[in-house]
Amino acid sequence: MTVDKYAILKQFFGYTSFRDGQEKAVDALLAKQDVLGIMPTGAGKSICYQIPAIMMSGITLVISPLISLMKDQVNALVQQGVSAAYLNRSLTDAQYHKALANAANEQYKIIYVAPERLESNSFLRFALNADVSLIAVDEAHCVSQWGQDFRPSYLNINKFISKLNYRPVIGAFTATATHEVKSDIIRLLQLNNPAVVTTGFDRPNLFFSVMKPKNKSETLLKLIRERNNQSGIVYCSTRKKVEEVCDMLNQKGVQATRYHAGLVDSERAKNQDDFVYDRKSVMVATNAFGMGIDKSDVRFVIHYNMPKNIESYYQEAGRAGRDGEDADCILLYSKADVSTCRYFIENTEENESLSPEQREFFKKREEERLKQMVFYCTTSDCLRGYMLKYFGDEHKESCGKCSNCLTEFETVDVTMEAQKILSCIIRTGQNYGVKMLTDVLRGVPSERIQKARLDRQSTFGIMHDVKAFEIKYIIEKLEEQEYIISVGAGKPILRVTEMSYPVLRGNAGVKIRKARQLKSKTVDRTIKTENAELFEALKVVRLYYAKKKGVPAFVIFSDATLADMCRGMPTTDEAFLSVSGVGTNKLEKYGEAFMRVIREYVKDHESDMTSTISRNQKG
Ligand code: ADP
Ligand code: ZN
């Protein structure tokens, strides 16, 4: 068996080694032990059940919540030489029954099915007579009401399985790691002593960055233009913002499309396809977009607004760079985002069955999560480290690959400023927000201040020589270090905590870290290949075949695979097969066409490249 799984990995998927966790999951399923796989987006969950599916006798059913995902996954499998099909409502009745008849004739090794199908009689009849050896549940967190993606139809999975003549082995996979979700999956899918496979949450190819731009739309445009024609997602917090930002980008000549729950199904599907098939390079969307988006070559995810918690952020940002090549995750933070999130927390449509106490409990929990999200935006520590710590993973103090690690900070003593700010909060009755307090401290004689008689306070104007943004920055840091808390929704007010009193009494000092300068101004945004020109030429061939086969470009070859071709410049079948992501089937189908381009390139550059080529051909 051990030999076989590696052969299958290379033959069908083109890879020579398993990633973290994959082998354990494959081995368990092959030994007929249930599996619960908790792996972040891009870790490579599909291979965990696809390899056992190919190796086991009989059929594997993959239960997946999203129709678009099924189509892409099946396309990809077929390109790799695996017989696969899907059954969902995008098929006509005739197509559905034909596929079902084919399935009954054992023509498919892997069948993707929507959870709703499990209830239909025709499908159950098929399943009762078929040799189902494995059931893989993708996005398994959908079974849990605690998650954000609860799907009632997922509760049918267990009912369906109990109707079968025997129980197949079950593999459940998700990227959501919270304790509640995990135990719900085990309980509701009735996993039997599952092998739990968890991998670290780190995604080393992602660059994390937080920016606090004065003008978000200008900054966004600049970021997108710097990434000329690369695929990217821009997340906004509301439908209205999506419309606004998408219009703005289109007016400025960016090929952008949009996605949110307010669009009719057909338009949503079309826009999604435009993005996946590279007809539009940028997708502007609410968080409705993404679960199960299988586009592996997304090169950047920009958050135009801050999401409401780190879980959401990491999941959305994680849609960048699933192919393992470098990608950017940039968050455009503004204080106003915090109020929007608070509003969502206050006004969420909560589960009717919750008691007032439970509701209160959840609200508190959401507020706590929001606070952690804000700290991510304001911290000067390593951003990657911050998130890994949040998920309970190990991390280094500095990753060298986030905007904070690339910024030089200096530690400054702000005890005096802190004393002024804290005493201003107390003397004005702990009743005001950041804006008002800053104005009082700077001595701005606004109408509101005069009306409230705050201009008669002893702290009025005591920081007249400090710029407003600096005061706000210090307040932010005081909140991060918990000298201050903000309370209330909408426009929160600031209160001091127990920790403030020693500072006010002069018994404790306060230090903060302030940015001095960026260590390296430019981070290279282009795919790192030794031969960018060849990379572009290979992309043209890829696009040709993608159009011809009606599949997205990354289904033919991923960016990572093209980059590997540029490094090795293979010109023989054997060399081509050694490229990461090239299996036997793809060698046969596309090898010649890609090698023709490589040969031409080699010929054109012979003089300046002789040394490189001889080196590569030897190795
Ligand atoms: P997930 O479902 O966990 O988000 P996928 O299964 O879609 O991830 O895999 C993400 C990407 O990683 C795909 O492009 C896949 O081809 C690639 N991949 C998976 N396993 C390996 C491996 N062992 N070696 C190299 N690339 C891999
Ligand atoms: Zn870092």
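The values are calculated or read from the model by the stated rules, or taken from the named source; none is laboratory data. These numbers were taken from a predicted model, which means no experiment stands behind them. Here the Cβ positions follow ideal geometry from the backbone for every residue, glycine too, while neighbour counts run over all protein chains shown. Heavy atoms of the whole protein, side chains included, go into the accessibility calculation; ligands, DNA and RNA do not. Shrake-Rupley method; radii C 1.70, N 1.55, O 1.52, S 1.80 Å.
Scattering from segment 187-231 was approximated by placing one identical point on each alpha carbon and applying the Debye formula without solvent; log10 I(q)/I(0) at 0.17, 0.23, 0.27, 0.29 1/Å stands at -0.71, -0.98, -1.07, -1.08. When the listed pairs 10/586; 435/467; 420/472; 335/511; 335/435 are checked against a 18 Å cut-off, the alpha-carbon distance exceeds it for 335/511.
Once the chain from residue 335 to residue 464 is taken as fully extended at 0.36 nm per residue, the excess over their C-alpha distance is 44.2 nm. For residue 95, what charge total do you get from the other residues with a beta carbon under 14 Å from its beta carbon, if Lys and Arg give +1 and Asp and Glu give -1? Local net charge: +3.
Once you have the alpha carbon radius of gyration of segment 206-390, what is it after dividing by 2.2 N^0.38 Å, with N set to its residue count?
Scaled against compact globular proteins, the figure is 1.04.
Got a number for carbon plus sulfur as a percent of segment 5-198's accessible area, 1.4 Å probe? Within segment 5-198, the accessible surface is 48 percent carbon and sulfur.
Our compactness index for segment 411-503, the C-alpha radius of gyration over the empirical 2.2 N^0.38 Å, is 0.99. Over all directions, the projected convex hull of the C-alpha atoms in segment 532-618 averages 5.2 nm² in area. Charging the Cβ of each Asp and Glu at -1 and of each Lys and Arg at +1, and nothing else, the dipole of the chain about its Cα centre rounds to 1100 debye. Placing dummy labels 7 Å off each Cα toward the beta-carbon, the span from residue 547 to residue 430 is 6.7 nm. Note on segment 140-209: Rg/Rh from C-alpha atoms, Kirkwood Rh, equals 1.06.
Remark: C-alpha extents of segment 86-214 on the principal axes read 58, 38, 26 Å, sorted largest to smallest.
Let me know the volume per residue of the alpha-carbon convex hull for segment 1-84, in Å³.
Considering the Cα atoms of segment 1-84, their hull volume per residue is 104 Å³.
Sparsely packed loop sites in segment 361-440 (the trypsin sites (Lys or Arg not before Pro) outside DSSP H, G, I, E and B with at most 16 other Cβ atoms within 10 Å) comprise 396. Amide hydrogen proximity for residue 15: with H placed 1.01 Å from N in the peptide plane, the residues at 5 or more positions away or on another chain lying under 5 Å are 10, 581.
Given R₀ = 41 Å, FRET efficiency for residue 605-residue 83 by Cβ-Cβ distance, to 0.05?
0.50
For the pair residue 265 and residue 497, label points projected 7 Å from Cα toward Cβ lie 4.9 nm apart.
Multiplying the residue separation of residue 533 and residue 344 by 0.36 nm and removing their Cα-Cα distance gives an extension gain of 63.3 nm.
At the listed q of 0.12, 0.14, 0.19 Å⁻¹, the Debye profile of segment 5-198, built from one uniform point per Cα, gives log10 I(q)/I(0) equal to -0.53, -0.74, -1.45. Once both labels are positioned 7 Å from their Cα atoms along Cα-to-Cβ, the gap between residue 365 and residue 150 label points is 1.1 nm.
Within the chain, DSSP assigns beta bridges of which about 20% are antiparallel (rounded to the nearest 5).
The trypsin sites (Lys or Arg not before Pro) of segment 168-262 meeting both criteria, a DSSP state outside H, G, I, E and B (loop) and at most 15 other C-beta atoms within 10 angstrom of the site's C-beta, are 214, 252. Taking amide hydrogens as placed 1.01 Å from N in the peptide plane, the amide H of residue 197 sits under 5 Å from those of 36, 37, 38, each at least 5 positions away in sequence or on another chain. Remark on residue 234: its backbone amide H falls under 5 Å from those of 283, 284, 285, 302, a criterion applied only to residues 5 or more positions apart or on other chains, H modelled at 1.01 Å from N.
Distance from the alpha carbon centroid of segment 129-145 to that of segment 169-193 works out to 11 angstrom.
For the cross-link pairs 308/491; 222/295; 24/280; 182/241, the ones whose C-alpha atoms lie over 28 Å apart are 24/280; 182/241. What FRET efficiency comes out for the pair residue 485/residue 513, r = Cβ-Cβ distance, R0 = 22 Å, nearest 0.05? Approximately 0.60, to the nearest 0.05.
Across the alpha-carbon set of the chain, the Rg to Rh ratio works out to 1.02, Rh being the Kirkwood radius.
The three principal axes of the Cα atoms in segment 188-300 give end-to-end lengths of 56, 35, 25 Å, sorted in falling order. Computed from backbone phi with θ = phi - 60° and the Karplus coefficients 6.51, -1.76 and 1.60, the 3J(HN,Hα) list for segment 33-43 is 9, 4, 10, 10, x, 10, 9, x, 3, x, 6 Hz; x is used for glycine and proline. Taking GluC sites (Glu not before Pro) as exposed when DSSP calls them loop and at most 15 other C-beta atoms lie within 10 angstrom, the chain has its longest site-free stretch at 107-348. Per residue of the chain, what 222 nm ellipticity follows from adding -39500 (n - 2.57) for every DSSP H run with n ≥ 4, rounded to the nearest 500? Calculated at 222 nm, the ellipticity per residue is -14000 deg cm²/dmol. Taking the charge dipole of segment 206-390 about its Cα centre, with +1 at Lys and Arg Cβ atoms and -1 at Asp and Glu Cβ atoms, the residue from 312, 228, 275 reaching farthest to the positive side is 228. With the charge dipole of the chain set up from +1 on Lys and Arg Cβ and -1 on Asp and Glu Cβ about the Cα centre, the Cα lying farthest toward the positive end among the listed residues 569, 461, 136 is that of 461.
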